[in-house]
Amino acid sequence: MILVDQNSLRKVVEGQLVRLEGNAFQDCMDRLGLELHPGDYQPVRAAGPRGDTKNDGYCPKARVFFAAHATRKERLDKTKAKIRGDLEGCLREHRDVKVWRFLTNDTVPGEVDQFIDNELRPFYPAVAIEVWGLKTLALEICKLRREQVDRIIDIVSTEEPAFEVVPLSHMRTGRDLWPILSGCLGWLEHVEPDDCTEDEQDLIDDAVQTFRDWSDISSDIEHSRASVRDAQRGITAIINELQEKGLVLYAGSRDRFPFVGGPSPLLGRVAIFKIAREVSGGGTAADS
């Protein structure tokens with residue numbers, strides 16, 4: 001069973017969103033609207049000479065109108081013209097617009113954000129103009145239940161992948177373990193001895209959770225050599241504590257692990273931990 005924490009799930013969702021183009025992105029945003037506004041959200045598509053009347057979907061009761069546009073790699077002037085045109089067209093075509101929400105699978109550039117805040121919001125003070133970029137979309141999606149997340153990004157949780165032997169190495173220090181923790185998107189359930197005492201179980205659970213926590217923030221601290229060293233020293237202390245109890249840590253990773261199913265699954269690295277009894281004369285590697 002693969003374990004993905006909230007931060008790693010957010011990365012998976014971002015990875016799926018940035019791959020969407022055109023109608024595929026609009027379809028995804030329709031699924032989001034249906035989950036966020038059950039019983040109110042109405043998808044809209046272009047038809048006839050008037051097109052979609054500058055409305056990609058709306059909530060008739062809440063009076064929230066959506067414009068979904070994949071802006072990745074788009075020129076800034078084109079993005080600003082698109083936003084202005086969709087907003088003004090929506091206000092011209094529809095009554096009582098309370099919230100106008102622009103959805104994009106990119107991070108909104110500062111120049112575009114400034115244009116919205118300095119020009120559009122003051123000119124239309126009666127309308128709440130919102131922009132949901134990649135990070136905001138992923139954050140909002142990940143607040144929902146896992147089955148809702150799967151529906152929105154149009155995936156199904158993957159079945160267990162085919163069995164594969166992964167070599168695990170004996171971890172003696174935090175420096176040994178750090179390359180495995182860094183950049184992982186998730187973890188397989190750890191393996192521990194069957195005859196563990198309750199105290200040993202607690203120690204192992206705490207150790208593994210700490211490893212996951214460090215992995216979760218590894219990308220945030222890797223710019224600082226001192227921070228990485230502090231993390232590695234803390235991990236070394238935990239490994240030493242395990243060893244004092246006669247327990248040895250083995251770890252490894254598997255690349256290109258399918259986090260989601262479907263015809264184009266998102267692949268990433270998962271970490272694998274195994275805690276074993278220390279055996280004199282034992283090797284320095286284990287298989288899982």
- Message: So, in region 65-87, how many residues would count as being open to solvent by 30 Å² or more (accessible area, probe 1.4 Å) and either without any contact (Cβ under 8 Å) to a residue 24 or more places away in the chain or under 21 Å from Ala24 (Cβ atoms) (or both)?
- Response: 9
- Selection from region 15-30 of residues that are surrounded by 18 or more Cβ atoms within 10 Å (Cβ to Cβ) and either under 10 Å from the mean Cα position of the chain (by Cα) or assigned to a helix (DSSP H, G or I) (or both): Gln16, Leu17, Phe25, Gln26, Cys28, Met29, Asp30
- Taking first residues from region 221-235 that are small (Gly, Ala, Ser) and second residues anywhere that are in a helix (DSSP H, G or I), the pairs with Cβ under 6 Å that are 6 or more apart or on different chains are Ser227/Ile221; Ala231/Trp214
- Message: So, in region 170-228, exactly how many residues are surrounded by fewer than 13 Cβ atoms within 10 Å (Cβ to Cβ) and closer than 14 Å to Tyr250 by Cα?
- Response: 2
- Query: In this structure, does Glu164 turn out to be outside any helix (DSSP H, G or I) and either modelled with pLDDT under 95 or touching a strand residue (DSSP E or B) at 6+ places or on another chain (Cβ under 6 Å) (or both)?
  - Reply: yes
- Being surrounded by 12 or more Cβ atoms within 10 Å (Cβ to Cβ) and small (Gly, Ala, Ser), is that true of even one residue in region 149-157? yes
- Query: Which one is nearest to Leu20 (Cα to Cα) among residues in region 36-63 that are at pLDDT 95 or above and open to solvent by less than 40 Å² (accessible area, probe 1.4 Å)?
  - Reply: Tyr41
- Residue match in region 230-238 (condition: closer than 16 Å to Ser8 by Cα, polar (S, T, N, Q) and either outside any helix (DSSP H, G or I) or open to solvent by 20 Å² or more (accessible area, probe 1.4 Å) (or both)): no
- Task: Would you point out the residue of region 118-148, among those that are assigned to a loop (DSSP other than H, G, I, E, B) and charged (D, E, K, R), that is surrounded by the most Cβ atoms within 10 Å (Cβ to Cβ)?
- Result: Lys143
- Message: I'm trying to understand the selection: among the residues of region 91-117, which are of a type in the set (S, T, N, Q) and open to solvent by 40 Å² or more (accessible area, probe 1.4 Å)?
- Response: Thr107, Gln114
- Query: Of the residues that make up region 170-180, is at least one farther than 28 Å from Gly22 by Cβ, modelled with pLDDT under 95 and of a type in the set (Ser, Thr, Tyr)?
  - Reply: no
- Query: Take the residues of region 61-117 that are assigned to a loop (DSSP other than H, G, I, E, B) and small (Gly, Ala, Ser): which is farthest from the chain's Cα centre (by Cα)?
  - Reply: Ala62
- Task: Among the residues of region 244-280, count how many are within 29 Å of Glu198 (Cβ to Cβ), assigned to a loop (DSSP other than H, G, I, E, B) and either at pLDDT below 90 or small (Gly, Ala, Ser) (or both).
- Result: 4
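The values are calculated or read from the model by the stated rules, or taken from the named source; none is laboratory data. This is a predicted model, so every value here is computed, not measured. Note that we place each Cβ from the backbone using ideal geometry, even for glycine, and neighbour counts take in every protein chain shown. Accessible surface areas use protein heavy atoms only, side chains included; no ligands, DNA or RNA. Shrake-Rupley method; radii C 1.70, N 1.55, O 1.52, S 1.80 Å.
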